[in-house]
């Protein structure tokens, strides 16, 4: 798994909890959490090479207030113990653009408006979203990186070369 600087790379983001299952199964499956049962689940990717700004966590205070944490440094500052990873694939693994995905998945117009509004508020660009309805197997992954201090590094292979072997504990 060698990341090529000359090829376009699309990124799928996950946490250490999600990565454990992905590495175990050797596949990225379509997201089903908070997806209406009438929608087709999607495996989401971003063309943004730095950071997909919709990758957020929420912190809930005891008084019920929610605070959106938008970057791993914010996760750390607020004590959210989560590691963030991204898996890179070539464009053919996620061939559908946002406009195609929303229509083909059967996402309700109200949900689409909410997703776009949230994305814009976070500084994201929906035109950078890509996806597929099919699981993406490890044989299609070209890079796997851990976010570390504002810079993605430590590329490693789920097949065990080079770097971190799939049996290493990521929790």
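The values are calculated or read from the model by the stated rules, or taken from the named source; none is laboratory data. The shown structure was predicted, so the numbers you read here are calculated from the model rather than taken from an experiment. Counting neighbours? That spans all protein chains shown, and the Cβs are built from the backbone with ideal geometry, glycine included.
Quick look at the values:
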quantity: The one condition in (1) out of contact with any strand residue (DSSP E or B) (no Cβ under 6 Å at 6 or more places or on another chain); (2) closer than 24 Å to residue 144 by Cβ; (3) crowded, with 16+ Cβ neighbours inside 10 Å; (4) at pLDDT 85 or above that residue 51 fails to fulfil; calculated: (4)
quantity: Any hit, segment 86-100, residues being over 17 Å from the mean Cα position of the chain (by Cα), at pLDDT below 90, in a helix (DSSP H, G or I) and at negative phi; calculated: no
quantity: Members of segment 124-156 that are farther than 20 Å from residue 8 by Cβ and either at pLDDT 90 or above or not in a strand (DSSP E or B) (or both); calculated: 133, 135, 149, 150, 154, 156
quantity: Single condition residue 38 does not satisfy, out of (1) touching a helix residue (DSSP H, G or I) at 6+ places or on another chain (Cβ under 6 Å); (2) surrounded by fewer than 17 Cβ atoms within 10 Å (Cβ to Cβ); (3) modelled with pLDDT of 90 or more; calculated: (1)
quantity: Condition broken by residue 116, with the remaining ones in (1) within 17 Å of the chain's Cα centre (by Cα); (2) at pLDDT below 85 satisfied; calculated: (2)
